[in-house]
1. Residues of the chain: accessible area per residue at 1.4 Å, in Å²?
2. For the chain, what's the relative contact order in percent, using C-alpha pairs closer than 8 Å and at least 6 residues apart?
3. Could you work out how far helix 439-448 tilts from the main Cα principal axis of the chain, as a 0 to 90 degree angle to the nearest 10?
4. Which value in deg cm²/dmol, rounded to the nearest 500, describes the helix-derived mean residue ellipticity at 222 nm for the chain, given -39,500 (n - 2.57) per DSSP H run of n ≥ 4 and division by the residue count?
5. Assigning unit charges at the beta carbon (Lys, Arg +1; Asp, Glu -1) and nothing else, what dipole magnitude in debye, to the nearest 20, does segment 224-442 show about its Cα centre?
6. Round to the nearest 10 and give me the degree value, 0 to 90, for the angle of helix 393-411's Cα axis relative to the longest principal axis of the chain.
7. Of the accessible area of segment 224-442, with the probe set at 1.4 angstrom, what percent is carbon plus sulfur?
8. Compute the helix-to-body angle for 197-206: its Cα long axis versus the longest principal axis of the chain, expressed 0 to 90° and rounded to tens.
Amino acid sequence: MDAYLHGPPKDDQISRANKLIFGNDSFRKNQREAIEATLRGQDVFVLMPTGGGKSLCYQLPAVLSPGITIVVSPLLSLIQDQVTSLVRNQPVGIPAAFLSSQTLAALKKAVWRDLHRPIPTLKLLYVTPERLAASDSLIQVLESLHQRGMLARFVVDEAHCVSSWGHDFRPDYHKLGNLKDLFPSVPLMALTATAPQKVIDSVKKVLKIPRAQVFSMSFNRTNLSFAVLEKDLDGKVDLNLMPRSNAVVEGKALASLYEYIKTKYDNSVVGIVYCMTKQQSEDVANYLFDRGILADFYHAGQSSSDRELVQEAWQRGEIKVVCATIAYGMGIDKPDVRYVIHYAVAKCVEGYYQEAGRAGRDGKPSQCTIFYNRRDVTKIKSIINMPKKGSNAKSRAVHMEKLEKMMDYCEDDTSCRRQALVAYFGQTFNRADCQRTCDNCKRLIRRTN
């Protein structure tokens, strides 16, 4: 790998590193262009749907560049997963580490020692935005690295968190605009899976990268199918869109969810069920597990060790279904997820599409389903209106507007779901190309026949 760390990379070095280090025979759309731009020292905004290959856009340049690439990421679980994957990367391990409250003291000391070496061995250092905002000593180390020519670039992952218009705004992300004040010559790459134009413009403004080159892909994930089912809390859910059954199953919503999974998928199939609350995720997981489905729960209320156990068991295939809170997210890169079910409606279209996009990262057909009920919407509205730090009338209005868009998507039983999702992000899609991969287009064809 050392052969790639010195001098400006040539085009064949980019392809060779992609093959020899990351095992890829080719690049996906916009990957190479984004890599070349950041290696030229440009600021870059990468907009790729989940599964589009965002990580390679900064991991490969990190390997090719002298010095360290600093990656800011919001989820500790995602950071741990990525660092583990890099260190264990085959055929060549990539030196990477993270600094957080969870980092063991001995490992933290080793990372600090490495950062102070004339030429550090680390190529990627992951930190949370909270850590970067609160640690003066870390900023001092970054300044020292910069003076030695060892600060390669900053990467802001999940960049929609920067914007108050984004679906998961975090105040400490907003402070990342200071990076350009402190290090104006260091290139910055922002990446996200879901962002309409208003959010893109806001992120570029906050991060002070107005001339950043934007690389975006179509939001149409051709291998995903979409459906919305009525979540009848009083006893009935219409399952007539399922290929194996046209039955109407009696029972409460949990029984309907179980029947849906049991009827549609074998117990070896991997899935995610998103829930509204921590308690709901536990209730759903326990209900499914008691009926023979290999399910477990994952949420922010658990200890980090418990979350790691669930994550590792899911990665090994010992758990097939993870029930997780919508707000916390999974932060897990698993390619063979065949279905994502929202047992409670998402708070906004961006959040829904990002969560649903965890299905089918390997490119194989996968299903995205919402169990929808207006009572869930009422609960979300009450949560939005609850007094909390950083909340004001403007932010609440933004959240309410986004929730209304999500309601429109769920309650529209005629428009093509795929077309509606793509249009939300400012792109166009021909309904004829849906090919019955959403419930509304299936119904339309059934009626016309």
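The values are calculated or read from the model by the stated rules, or taken from the named source; none is laboratory data. Remember, predicted model here, so these are calculated numbers, not experimental data. Neighbour counts are summed over all protein chains in view; Cβ atoms, including those assigned to glycine, are modelled from backbone coordinates with ideal geometry. Accessible surface is based on the protein model in full, side chains and every heavy atom, while ligands, DNA and RNA are left aside. Shrake-Rupley method; radii C 1.70, N 1.55, O 1.52, S 1.80 Å.
1. 43
2. On the way: 787 pairs, mean separation 68.4, N = 449.
Rounded, it is 15 percent for the chain.
3. Helix 439-448 sits roughly 40 degrees off the main axis of the chain.
4. Numbers: 18 runs with 185 residues, N = 449.
After summing the helix terms and dividing by residue count, I get -12000 deg cm²/dmol.
5. Working: 32 positive and 29 negative charges, 93 e Å.
So the dipole magnitude of segment 224-442 works out to roughly 440 debye.
6. Here the helix axis deviates by roughly 50 degrees.
7. Of all accessible area on segment 224-442, carbon and sulfur atoms account for 49 percent.
8. The helix 197-206 is inclined about 30 degrees to the chain.
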